[in-house]
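Trainee: So that we are looking at the same thing, I have put the structure below in structure tokens.
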Amino acid sequence: MLDQAAAMMLRRLLFTLLTVLILFVSARPARAAVIERVVAVVGDQAILMSELRQRARPFLLEIHTKMPTEAQRAAAESEMLRQMLQRMIDDQLEAQAAAKLRIRVEAEEIDKAIARLARMQEISVEDLMSEVLRSGMTAQEYRSEIRRQLLEAGRRRIEIIGKAAEPFQLPVREAVGSRHSEKAGKARSLERFLSFRSGRCRRATRRSLLVRGDRQQLGQPRTSR
């Protein structure tokens, strides 16, 4: 009897542990959903808190290194995250504008831009990437940042070209519109002239037929010209 009671207690204990384990596993996605909360939506693109903190990681490390008190660190972190979020929103807007203008940045262009930056600082590309890694950014994050800057430069270049062409486009449109109006006016004048001539001819023909008919009815001979 004691063995049976012990076995029953063991089965109950195992059932309870299994139930707790199932509840714990099912609760984990809910915790992940809270962590992965959306901090902004730009068009149809969402910006997650984890993405924001990942982008801000180098600056967070610097804040925790330089700020002496917890209150100063909290205030600096809050302000930095606010500024970084605004920057990420601007980046999304830039990317969407570039997509509408069909601006693309290839990997080769990013490589050339990084090489250009290294030459400007008079260091090698390897040394530049080492500095990037020491700052807390990964190589992929740095390349993404360069890509964003190239997209922004391409969009601004197109805007500048468009604004520079506007003073020339306006006189051309006015000249084309003037010529179009002049041609339309001439066409209307010709149409009115032909209509007038056609009306005069029809009226003259009707008068001639009436005169002929009257003369024939009166028995008068036709006058030769």
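Computed from the coordinates by the stated procedures, all read-outs in this text should not be read as laboratory data. A quick note: this is a predicted structure, and the numbers were derived from the prediction, not measured. In this analysis, Cβ positions are derived from the backbone assuming ideal geometry, glycine residues included, and neighbour counts consider all displayed protein chains.
Trainee: Taking Rh as the Kirkwood radius computed over C-alpha pairs, what is the Stokes-Einstein D of the range 104-168 at 25 °C in a medium of viscosity 0.890 mPa s, expressed in µm² per second?
Mentor: 185 µm²/s
Trainee: Further question on the same structure: Please give the FRET efficiency for Val39 paired with Ala107, using the beta carbon to beta carbon distance and R0 = 30 Å, rounded to the nearest 0.05.
Mentor: 0.55
Trainee: Once both labels are modelled 7 Å past Cα along the beta-carbon direction, what's the Ala71-Ala139 spacing in nm?
Mentor: 4.5 nm
Trainee: Which of the three applies to the range 32-100, rounded, prolate or oblate, going by the alpha-carbon gyration tensor with a ≥ b ≥ c and a/c under 1.5 meaning rounded?
Mentor: Prolate.
Trainee: Using a simple spin-label model with points 7 Å from Cα along the Cα→Cβ vector, what separation in nm is obtained for Leu48 and Asp90?
Mentor: 2.5 nm
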